[in-house]
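The values are calculated or read from the model by the stated rules, or taken from the named source; none is laboratory data. What you are looking at is a predicted structure, and each value in this text was computed from that prediction instead of being measured. Ideal geometry is used to build each Cβ from the backbone, glycine not excepted, and the neighbour counts take in all protein chains shown.
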Amino acid sequence: MSSPLLTLRHRAEFAVFHAVLRAIDRMPVDRALAMASRIGDIVYALDFYRRGVAKRNIRLSGIAAGRAETVRIARASFRSFAQLAVESLKADDYFRSGRWREMVDLQIDPAADEALKAPGRGAILAGGHIGNWEIASRVLATFKPVVGITKNMNNPLTDRLVKDRRARENFTMTPKRDADAGRLLEVLNRGHVLGLLVDQHARSAYGEPIRFFGRHVSMHKSAALLHLVSGAPLILGCCVRTGNMKFLVRAYPPVNIPRSGDKNTDVRALMLELNSKLEDMVREFPEQYLWAHRRWRPLRPALLAKIEKLGPGA
């Protein structure tokens, strides 16, 4: 697309996006969430590709007992993602006024609580695309500074607007492409919490073949490597919806495995443990998982060779 046409498209998208944001800001919470659910239904009906991805992923996971259950979970997951955006906007008032505990029930393991609140000590909070991960980060940011990783939007105008809305004390984002290991280690060295979503597809150079619901995916090594290198506690957490602007925030005990002395072996063991716990979370709240992202993709030759080398049961 030529530059003038692309600029025009970006401006048109921005105008619509900005108008929707203003409308949501003015709406009562219940009405805004009801609208989000309807938008989720519309996207589910119109986006043939993402709908197909979601249904295929649910079938591959074996989590649904038949076609009707697959459709129900897929449709609910589209609604959940649409609600996430509205909840994140509407949560501003709660956090600015300090009333956030009115909407959040905390279930944090004592060892995780100690690790997350320890002054001057960094921590890695790993999670997945389940529930509302933005609310989870903002709750955590009430204890100590949190840094998350984000991908820039294709439209620079909407990207700037979203970042301005996200600009909050103690909660910052770092671009995905700039998230090199040295930069992330510095976050931990400063005693901050690093939030990582560990269920994204990793390119062959950065991935490890790990079974997710019995089928191999390419999983990022970042969380496990940073834990081993920095010594920062590695904690799995989630924030799931329990009602309109009501959430359950969980943090599980820090992941702890016997060290073998071999870095690659230890990285894989940590990743297997994270993935197993993430599966348990998805089984408990399947309607709130983002099934529409391509979790299971064809693996490249390098990863297929690694699976063969690891042998049966890998």
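Numbers below:
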read-out	value
So VAL267, is it touching a Phe, Trp or Tyr at 6+ places or on another chain (Cβ under 8 Å), assigned to a helix (DSSP H, G or I) and modelled with pLDDT of 90 or more	no
From the options ALA91, ALA54, residue that is in contact with a helix residue (DSSP H, G or I) (Cβ under 8 Å, 6 or more places away or on another chain), closer than 27 Å to VAL217 by Cβ and crowded, with 17+ Cβ neighbours inside 10 Å	ALA54
Residues satisfying the stated conditions in the range 242-287, i.e. of a type outside the set (S, T, N, Q), in contact (Cβ under 8 Å) with a residue 60 or more places away in the chain and over 21 Å from PRO110 (Cβ atoms)	MET245, LYS246, ARG268, MET271, LEU272, LEU278, GLU279, VAL282, ARG283, PHE285, PRO286, GLU287
Candidate set: the range 271-301, residues that are charged (D, E, K, R) and in a helix (DSSP H, G or I); chosen: the one farthest from GLY131 (Cα to Cα)	GLU273
The range 237-257, subset outside any strand (DSSP E or B) and in contact with a strand residue (DSSP E or B) (Cβ under 6 Å, 6 or more places away or on another chain), residue nearest to LYS90 (Cα to Cα)	TYR252
ARG211 closer than 30 Å to LEU60 by Cβ, assigned to a strand (DSSP E or B) and under 19 Å from the mean Cα position of the chain (by Cα)	yes
Unmet criterion (only one of (1) of a type in the set (Val, Ile, Thr); (2) under 19 Å from the mean Cα position of the chain (by Cα); (3) over 18 Å from TRP133 (Cα atoms)) for ILE63	(2)
Failed item, numbered, when GLY128 is tested on (1) touching a Cys at 6+ places or on another chain (Cβ under 9 Å); (2) at positive phi	(2)
Among the residues listed as LEU248, LEU290, the single one being surrounded by 20 or more Cβ atoms within 10 Å (Cβ to Cβ) and hydrophobic (A, V, I, L, M, F, W, C)	LEU290
Filter result (out of contact with any Pro (no Cβ under 9 Å at 6 or more places or on another chain), at negative phi and not small (Gly, Ala, Ser)) within the range 208-235	GLU208, PRO209, ILE210, ARG211, PHE212, ARG215, HIS220, LYS221, LEU225, LEU226, LEU228, VAL229
Residue count, the range 122-146 (criterion: without any contact (Cβ under 8 Å) to a residue 60 or more places away in the chain and in a strand (DSSP E or B))	1
The range 96-115 - residue that is in a helix (DSSP H, G or I) and modelled with pLDDT under 90 and, of those, farthest from the chain's Cα centre (by Cα)	SER97
Residue that is nearest to LEU84 (Cα to Cα) [pool: residues in the range 3-18 that are modelled with pLDDT of 80 or more and of a type in the set (A, V, I, L, M, F, W, C)]	ALA15
